[in-house]
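The structure appears right after this line, and notes come after that.
Each value in this text was obtained by applying a stated rule to the coordinates, not by laboratory testing. This is a predicted model, so every value here is computed, not measured. Cβ placement follows ideal geometry from the backbone for every residue including glycine, while neighbour counts extend to all protein chains displayed.
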Amino acid sequence: MPHITLPEGVPGIRSLVMYRPDTGQPLYALAQALLRAGSPDSTLVDAERELIAAFVSKQNQTDFCMNSHAAASRYLYADQRNLVDQTLENVSTAPISAKLKALLAIADHVQSDARTVSDELVAAARAEGATNGDVHDTVLIAASFCMYNRYVDGLASLTPADPAAYEAMGERMGTIGYQLPNERR
């Protein structure tokens, strides 16, 4: 049960941004900027960005964010959707690029203690083809999702137990991105 009165039946961060649209708007704008490709010096595609968000959320044990962003990543990967679960299960054996594995190693360090992101980790990512933009965006996605995860968990927002509930969320996030909720969404 949420620690504050939130819109009935609205899960996760959506209920929190409906409660406070004034803070929700900049949070959604940040998610849109981070999780939708557009950075001129980053090669990360939207599916990879969503996977980084899901990975960090899994590390933080935030089920709502992990499930919703994994669903968005699956939607965006389309025919390769199985690699999302394989990556969340075991990064080292997942069928993803060496570059993405190196970036997830950086995200893992940001999540656990950002001060441990080392020159060696960044050099390893660069050796696999990561750009400055890829490194920047990975660090900012990981750091932001630590905040989003704590926001969702700290206020105990609704977390659906049914995995099917996340499929529609994933499709919505994969198609329209991050916009403040209204009655039609």
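In a simple Cβ point-charge model (Lys, Arg +1; Asp, Glu -1; nothing else charged), the range 139-185 has a dipole of about 180 debye relative to its Cα centre. Summarising the amide proton neighbourhood of V117: residues at separation of 5 or more, or on other chains, whose placed amide H is nearer than 5 Å comprise an empty set. Segment A161..E89, full-extension length gain: 24.0 nm, with 0.36 nm per residue of separation and the alpha-carbon distance subtracted. Net charge dipole, the chain: roughly 300 debye, given to the nearest 20, about the Cα centre with Cβ charges of +1 for Lys and Arg and -1 for Asp and Glu.
Here the residues C65, C146, ranked from fewest to most Cβ neighbours within 10 Å of their Cβ, fall in the order C146, C65.
Rank these for me by crowding, L121, L100, going from fewest to most other beta carbons within 10 Å. Present the calculation step by step, with values, prior to reporting the outcome.
Numbers: L121 18, L100 26.
Ranked by crowding around the Cβ, least crowded first: L121, L100.
Of V45, V117, how do they rank once you tally other Cβ atoms within 10 Å and put the fewest first?
Working: V45 14, V117 19.
With the sparsest Cβ surroundings first, the list reads V45, V117.
Put the Cα centre of the range 57-100 next to the Cα centre of the range 114-185 and the gap is 11 Å.
Computed from label points 7 Å out along Cα-Cβ, the spacing between N82 and A33 is 3.8 nm.
Taking 0.36 nm per residue of sequence separation and removing the Cα-Cα distance, the R115/M147 pair yields an extension gain of 9.9 nm.
Mind giving me the FRET efficiency for A123 and T43? R0 is 22 Å, r the Cβ-Cβ distance, nearest 0.05 is fine.
Numbers: r = 17 Å, r/R0 = 0.78.
Plugging the Cβ-Cβ distance into 1/(1 + (r/R0)^6) gives 0.80.
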